[in-house]
Structure formats: C-alpha cells, structure tokens
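The values are calculated or read from the model by the stated rules, or taken from the named source; none is laboratory data. The structure presented is a predicted model; accordingly, all values stated were derived computationally and were not measured. The protein model used for the area step is the full one, side chains on, heavy atoms only, and it has no ligands, DNA or RNA in it. Shrake-Rupley method; radii C 1.70, N 1.55, O 1.52, S 1.80 Å.
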Amino acid sequence: MPIQAVLDGTCRYFGGDYDPATRTYRSSPVPGVGVVRRAWPTDDQHADYFLGMDPGARTGCQIVVWIPRQHELRRALGGEHGGVKQIVYEVLLHCYLRSRTAYAEDCQDDAYALRDSLVEWMRRDRTLGGACFQAGEHVTEGGADGIDIEYSQPATKAGLTKGFFEVRFAAVEFTEA
C-alpha cells in the first residue's frame with residue numbers, strides 16, 4: 001500500500017469524508033474534532049476547529065496527520081526467497097485546540113477528554129478502517145511502541161485559549177517480498 005493511501009485512510013478514519021474543495025476531511029466521528037487535514041493549511045480558519053459542533057461548544061480541534069518517517073524490513077517465511085516486507089509508518093496526529101474558555105485549565109481538561117476520545121476511536125479498529133494492517137500496536141523494529149501522547153501547555157491571550165497535543169503511533173503494512 002502506498003504511503004498516500006495510508007495517509008488518506010488515516011485522515012478518513014479520524015476525519016470522515018474528504019472534501020476536495022477545502023482539502024479537508026469534514027465529518028469527524030470523534031467528538032470535539034472539527035476538521036482533519038493531511039497538510040498544514042495556508043489559511044487557518046477558526047470556524048474549522050468547531051465544524052459540526054453545537055454552537056455552544058467551548059473547545060474545538062483541528063488535526064493535521066503527518067507521516068514523517070517510515071521503515072521497511074523483510075520478514076523471511078519459508079526460506080531465503082519467500083517472505084513479506086514489513087513497512088512501519090510513523091504517524092503523528094498534530095491536535096491543535098482553540099477554546100473559548102476563560103481559563104487555560106479548562107482547555108487542558110478538554111484536551112484530555114479529546115485524547116480519551118481519539119484513543120477510544122483507535123481501539124475500535126486496529127486497521128483504522130482498512131488504512132493499514134495494524135496501528136497503535138507494539139512494534140519493536142524501526143517504529144513506535146503503542147500510542148504515545150505529548151501535551152503542550154495551553155495559553156490564553158485576548159480571550160482565546162490555544163492548546164496542542166501530539167498523538168504518535170506506528171501504522172504497519174505488509175507487502176510481498
């Protein structure tokens with residue numbers, strides 16, 4: 001499976017259907033996610049963070065899916081000429097938050113709740129809807145182990161709180177050797 005298929009499949013799994021006019025995935029099944037992108041936007045629209053949410057939603061998210069690294073190795077099966085290639089894609093979900101909360105602590109609580117929703121969604125289907133053989137599982141060679149999450153400190157300025165966290169996992173694919 002080509003890297004573009006893994007990227008598109010991952011974006012569809014977290015973001016829903018692709019909208020070619022906006023180059024975004026705009027019907028996320030994950031509560032709290034407005035849009036998912038496969039690249040950083042040239043024009044960051046505040047409304048995208050809250051797309052599809054109730055008008056009173058206090059925190060919204062835009063996710064950029066990025067695959068910065070891949071590693072390939074051969075798995076021998078039945079001798080020197082039989083086997084498969086294992087391709088490990090390092091996948092990063094860059095989760096950008098915008099919050100209407102007056103306190104950074106509330107945005108941080110919303111980030112933790114969104115993290116729980118994203119991990120729960122991943123656990124529903126280890127193939128991410130067919131995007132790969134497995135994702136978020138233990139990989140020992142050339143890839144991430146499980147699901148790693150790193151948070152930044154949210155900050156409030158001019159009545160808007162911004163936050164960020166990153167979800168990192170390996171997506172594994174096999175192909176004929």
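Annotations
- For the chain, accessible area per residue (1.4 Å probe, heavy atoms of protein chains only), Å²: 52
- In the set (1) 64, 33, 28; (2) 56, 38, 26; (3) 84, 38, 32, the label that goes with Cα extents along the principal axes in Å computed for this structure is (1).
- Computed [θ] at 222 nm, helices only, for the chain once each DSSP H run of length n ≥ 4 contributes -39500 (n - 2.57): -6500 deg cm²/dmol
- Between helix 3-15 and the chain: long-axis angle, C-alpha atoms, 0 to 90°, nearest 10: 40
- The apolar share of the surface of the range 55-104, taken as the fraction of accessible area on carbon and sulfur atoms (1.4 Å probe, ligands and nucleic acids excluded), comes to 53 percent.
- For the residues Trp121, Trp40, a 1.4 Å probe over the protein chains yields an accessible-area ranking, largest first, of Trp40, Trp121.
- Rounded tilt (10° steps) of 104-124 against the dominant C-alpha axis of the chain: 30
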